Amino acid sequence: MTPSPSDPVALTRALVRCPSVTPADAGALDVLVGALEPLGFTCHRLRFDEDGTPPIDNLYARLGGAGPNLCFAGHTDVVPPGDPRDWTADPFAGDIIDGKLHGRGTSDMKAAIAAFVAAAARRIAAKGAPAGSISLLITGDEEGPAINGTRKVLDWLVEKGETLDACVVGEPTNPNYLGEMIKVGRRGSITGHLTVHGTQGHVAYPHLADNPLPRLVRMLAALTAEPLDQGNAHFQPSTLAITTIDVGNPADNVIPAKGTASFNIRFNDEHTSDRLKDWIKRTCDTVGGPYDLKFRVSGESFLTPPGALSALVADAVERVTGHRPELSTTGGTSDARFIKAHCPVVEFGIVGQTMHKVDEHVAVADVERLTDIYEAVIDGFFAPTGGTAA
Ligand SMILES: [Zn+2]
């Protein structure tokens with residue numbers, strides 16, 4: 001049974017009952033299409049499968065053809081529940097116990113998607129469709145490699161001449177209580193894999209060998225010697241964490257031929273991944289000797305400077321919850337890193353305390369209040385006076 005689109009709790013439960021562990025969709029997008037089409041949304045199911053990666057189902061749904069286009073972005077995929085016997089309730093049943101809706105993906109982030117759909121439904125019922133467009137960009141590949149998800153949908157939108165004017169991402173941004181925090185940017189993330197080469201030999205004849213390990217240690221010491229920056233008005237200081245140092249040498253009488261280490265940098269907007277790569281190479285070069293470096297960049301840092309969109313969302317949050325939310329750039333990466341190239345983007349969702357954990361749950365009352373917040377955002381965005389928040 002398709003739940004009423006204006007009932008965010010029933011809709012969240014219907015979504016939770018689809019065990020959409022990445023890359024499976026398990027019917028989650030059908031639930032959304034079933035709710036959105038009767039409201040007048042045109043739904044595009046977009047399936048991408050690059051280079052032998054598992055195919056991923058995505059959805060772009062739009063109500064209206066004119067601008068401005070207010071987009072809500074989110075993901076229906078969830079992380080695995082682990083052993084279901086560790087859970088108080090079946091992770092894919094959507095049980096409500098003592099005012100809390102339990103299940104994998106309730107917090108991250110099916111309740112937020114349901115709340116936005118319900119907010120749109122209520123707005124349409126109360127005032128009709130807005131003069132402009134409401135859209136949803138929903139991916140099934142956020143918790144996974146994020147190859148066939150939001151990025152590809154955005155490319156598809158560009159191809160079709162679709163534009164987004166502002167975007168709210170429904171990640172669970174509140175650490176402890178609803179109304180605590182809006183994210184207006186995110187730090188970037190780069191991982192480095194360093195291999196230092198030498199020549200194997202007998203420990204008693206070190207002049208016949210070339211031990212790479214002192215160089216490896218000195219490179220890591222140089223990389224961690226100074227803070228990367230002091231942070232700034234919108235960002236914490238950047239951090240470099242060594243995540244592993246491996247030699248794998250079982251013999252205490254052999255100088256090994258190589259040593260490896262990995263490190264991750266979470267960086268603010270005082271850096272770019274390219275400039276960090278250059279700095280890492282220059283730092284390793286000061287130690288010298290043969291080495292290779294491989295990098296993986298998960299995303300650049302970005303900031304939507306506080307302005308009309310963050311004010312609109314903050315006002316809506318304050319009106320409903322009584323809390324003025326902090327504008328923050330803390331935490332990991334999200335798909336906002338792709339959307340920021342297309343339009344101003346802020347993130348606001350439900351409380352994230354139990355995301356990715358056993359007994360993930362949300363307060364039923366928060367699902368209702370988040371719906372009120374999103375409805376206020378929609379109303380404010382399309383308010384006839386004062387223009388739009390794009
Ligand atoms: Zn998420």
Projecting each Cα onto the charge dipole of the chain (Lys/Arg +1, Asp/Glu -1 at the beta carbon, about the Cα centre), which of ASN249, LEU303, VAL117 comes out farthest on the positive side? LEU303
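For ARG296 and ARG275, what does the FRET efficiency come to when R0 = 22 Å and r is the distance between their Cβ atoms, rounded to the nearest 0.05? Could the numbers behind the result be given before it?
Details: r = 16 Å, r/R0 = 0.75.
Rounded to the nearest 0.05, the efficiency is 0.85.
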When the chain is modelled as a GNM with alpha-carbon springs shorter than 10 Å, which of THR244, THR12, THR163 fluctuates the most? THR244
Mean-square fluctuation check for the chain, GNM, Cα pairs under 10 Å: which of GLY105, GLY128, GLY352 is largest? GLY128
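Counting DSSP beta bridges with both partners in the chain, what percentage is antiparallel, nearest 5?
On the way: 48 of 67 bridges.
Restricted to the chain, the bridges split so that about 70 percent are antiparallel.
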Using a Gaussian network model on the chain with a 10 Å cutoff between Cα atoms, which of ILE255, ILE134, ILE96 fluctuates the most? ILE255
Pop a pseudo-label 7 angstrom from the Cα along the beta-carbon direction at both GLU159 and ASP359 and give the gap in nm to one decimal. 4.6
Cα centroid separation, segment 38-55 to segment 135-211 (Å): 22
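With +1 assigned to the C-beta of every Lys and Arg and -1 to the C-beta of every Asp and Glu, and no other charges, what is the dipole magnitude of the chain about the Cα centre in debye, to the nearest 20? Don't skip to the end; give the middle numbers.
Working: 34 positive and 48 negative charges, 101 e Å.
Here the chain has a charge dipole of around 480 debye.
Can you give the longest run of the chain that contains no GluC sites (Glu not before Pro) sitting in a DSSP loop with at most 15 other Cβ atoms inside 10 Å? Please list the in-between numbers first.
Details: sites that count: GLU50, GLU270.
Result, exposed sites excluded: 51-269.
To one decimal place, what Kirkwood hydrodynamic radius in Å is obtained for segment 58-159 from all pairs of distinct Cα atoms? Walk me through the intermediate numbers first.
Numbers: mean 1/r = 0.0645 Å⁻¹.
This gives a value of 15.5 Å.
Can you flag which of LYS152/LYS294; LYS110/LYS357; LYS258/LYS294; LYS127/LYS183; LYS127/LYS160; LYS152/LYS281 are past 22 Å Cα-Cα?
On the way: LYS152/LYS294 25 Å; LYS110/LYS357 15 Å; LYS258/LYS294 15 Å; LYS127/LYS183 29 Å; LYS127/LYS160 29 Å; LYS152/LYS281 32 Å.
Among LYS152/LYS294; LYS110/LYS357; LYS258/LYS294; LYS127/LYS183; LYS127/LYS160; LYS152/LYS281, the Cα-Cα distance tops 22 Å for LYS152/LYS294; LYS127/LYS183; LYS127/LYS160; LYS152/LYS281.
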Using the alpha-carbon centroid of each, what span in Å lies between segment 315-390 and segment 286-312? 24
What shape does segment 111-160 have by the C-alpha gyration tensor, where a ≥ b ≥ c are the square roots of the eigenvalues, rounded means a/c under 1.5, and otherwise prolate means a/b greater than b/c and oblate the rest? oblate
Among ILE339, GLN230, THR371, pick out the residue whose Cα is farthest towards the positive end of the charge dipole of the chain, where Lys and Arg carry +1 and Asp and Glu carry -1 on C-beta, about the Cα centre. GLN230
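Just so you know, all these numbers are worked out from the coordinates, no wet-lab data involved. Everything quoted here is computed from the prediction, not taken from an experiment. Every residue, glycine among them, receives a Cβ derived from its backbone with ideal geometry; neighbour counts consider all protein chains shown.
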